[in-house]
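Novice: Sharing a structure with you now.
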Amino acid sequence: MSPVDIHLPFAIKWVIKESDIKSLASGNSGAFHSKRKRLNPHIQYHLSLFPFGSKEENRQQTIIALNLELGRSHKVSADFSVVVGKFSESVTHFFNKTGIYESVICSSQELFDPEKKFFTDGEMIVNVKGVLKFSEEQIENFVQTNARNLGKALYERGDKDFAFVVKGQQIQIHKYILGVQSPVFDRMVQSGMKESKNNYVEIPNYPFEVVEIIVKLCYDVFVPEAQIYENKVQLFEFADQYQMDSIKEMIETMIIKKLSVINVCSLTNCAIIGKAENLQKHCYNLLMKCLKEETIVADLNILNKDFKLKLLEDAFVFVG
C-alpha cells in the first residue's frame, strides 16, 4: 500500500504566573507543564517549562520543551516556532515515537531580568505553533473497512433490544452498543427507570434523520459526508447532550477535512454551539493564520462575537 502524506497544524498559547515560577528555589529542577492537547486519536502534545534546567548539565538555563506523544511507530517531522517575550526560534525537528524538543530561551539568571521582558503584568506568555508532517500507510483504510463491515453486520441483526422513538417512528439499537457509546444512556438502561423496563426512550427534540445518523455512527456504519455536514449542528448537540465523545470525534474528523476560508466562520459557530473543542481549535488556527496573512475570510460578520474578540486579542498579544 502507498503512503498517505498528512499535515496536522497545531498551536498553543500558555500563560504562566511569574509568582509560581519564583516559588521554585534557585537551582531547583522543578518543572511546569501545560495541559495536554490532542491532535487526533493517536497524537498528543504539551509544553514544559524548566526555569532552572531539565538536567544537571543545563542547570543554569531556562528551557521550554515541546513534548510530542505518538501512539504509533511512525516518524513525525515538526516545523514550529517558539515565542516567549523577545525570544523567538523557528525549528524543524524529527520525532520518532514519543519525543521532546528543548529550546533554551535564556540563562536562569536572565529569566527575571526586566530588560529581557519575559514577563508582562506578572505573566509569562509562551506561544508555540506549527505543523506536524508524517505518512501513514493506506492499509489503515483496509482495517477501517473491516471494522465497518463488522459494524454493519451488527447493525443489520434482528436481535436489537432497545429503541429510540422519534415522533412515532422507532430506530432500534443494541443496549450494549448504546452503553459503550454513551454513559448517559448506559445509566438509563441499567437503572430500572421506565426506559429500561419499556426498552425504549422518547427523543422529542431531534428529527428522525439526526437520530438515525447517530445510531449508524454507533455501529460505524457508513453515512454520506453530505448528510453529516447538513445536520452537523444537531449531531454535535445530540452527541454533547448524551456524552457520546467518540461519535463527536468522528463527526469532527469528517468536518475538519472540509474546513476552508469559505466555511470557517459558520463552522466556528457550529463548534461553539455543539461544544466541539477540536473543531473549534482548528477553526481558531485557520482564522489566526488568515488574520496574520491578511487572507479574506467569508461571512466574518456572522462569527460569534466572543470568539471574534478573543481572536483579535490573541492576535495582538502574539504580534506584541
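The values are calculated or read from the model by the stated rules, or taken from the named source; none is laboratory data. Quick caveat, the model's predicted, so the values are computed rather than measured. Please note: Cβ atoms are built from the backbone with ideal geometry, for glycine as well, and neighbour counts cover all protein chains shown.
Novice: Here is a check on your reading of the model: is LYS258 over 18 Å from VAL128 (Cβ atoms), out of contact with any Leu (no Cβ under 7 Å at 6 or more places or on another chain) and not in a helix (DSSP H, G or I)?
Specialist: Here the answer is yes, as LYS258 does meet what is asked.
Novice: From the residues in segment 105-125 that are touching a residue at least 60 places away in the same chain (Cβ under 8 Å) and among the aromatic types (Phe, Trp, Tyr), which one is surrounded by the most Cβ atoms within 10 Å (Cβ to Cβ)?
Specialist: The qualifying residue surrounded by the most Cβ atoms within 10 Å (Cβ to Cβ) is PHE119.
Novice: Evaluate the following for LYS117: is it out of contact with any strand residue (DSSP E or B) (no Cβ under 8 Å at 6 or more places or on another chain) and under 23 Å from ALA315 (Cβ atoms)?
Specialist: For LYS117, the condition - out of contact with any strand residue (DSSP E or B) (no Cβ under 8 Å at 6 or more places or on another chain) and under 23 Å from ALA315 (Cβ atoms) - is met.
Novice: Right, something else. Which members of segment 93-104 meet the condition of being among the hydroxyl-bearing types (Ser, Thr, Tyr) and surrounded by fewer than 13 Cβ atoms within 10 Å (Cβ to Cβ)?
Specialist: THR98
Residue-by-condition table, conditions (1) part of a strand (DSSP E or B); (2) farther than 27 Å from ALA315 by Cβ:
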site: PHE80; (1), (2): yes, no
site: SER90; (1), (2): yes, no
site: ILE100; (1), (2): yes, yes
site: ILE105; (1), (2): yes, no
site: GLU110; (1), (2): no, yes
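Novice: Follow-up. Which residue out of LYS248, LYS258 is closer than 29 Å to TYR219 by Cβ and surrounded by fewer than 16 Cβ atoms within 10 Å (Cβ to Cβ)?
Specialist: LYS258
Novice: Keeping to segment 51-67, report how many residues are touching a residue at least 40 places away in the same chain (Cβ under 8 Å) and not in a loop (DSSP other than H, G, I, E, B).
Specialist: Of the residues in that region, 6 qualify.
Novice: While we're looking at this one, here's another question. Got at least one residue in segment 75-92 being aliphatic (A, V, I, L, M), over 13 Å from LEU49 (Cα atoms), surrounded by 14 or more Cβ atoms within 10 Å (Cβ to Cβ) and within 21 Å of the chain's Cα centre (by Cα)?
Specialist: yes
Novice: Only one residue in PHE316, PHE238 is buried (at least 18 other Cβ atoms within 10 Å of the Cβ) and of a type outside the set (A, V, I, L, M). Which one?
Specialist: So the residue among PHE316, PHE238 that is buried (at least 18 other Cβ atoms within 10 Å of the Cβ) and of a type outside the set (A, V, I, L, M) is PHE238.
Novice: If a residue has to be among the acidic types (Asp, Glu) and under 24 Å from PHE80 (Cα atoms) to count, how many in segment 279-320 make the cut?
Specialist: Number of matching residues: 4.
Novice: So in segment 170-193, with the set limited to residues that are outside any helix (DSSP H, G or I) and among the hydroxyl-bearing types (Ser, Thr, Tyr), which one is modelled with the lowest pLDDT?
Specialist: My answer is SER191.
Novice: Look through segment 263-304, keep the residues that are within 28 Å of MET244 (Cα to Cα), touching a residue at least 12 places away in the same chain (Cβ under 8 Å) and of a type in the set (D, E, K, R), and return whichever of them is surrounded by the fewest Cβ atoms within 10 Å (Cβ to Cβ).
Specialist: Step by step, filter segment 263-304, then rank; the result is LYS275.
Novice: Of GLU102, GLU69, GLU110, which residue is within 27 Å of LYS133 (Cα to Cα), touching a helix residue (DSSP H, G or I) at 6+ places or on another chain (Cβ under 9 Å) and of a type in the set (Asp, Glu)?
Specialist: GLU102
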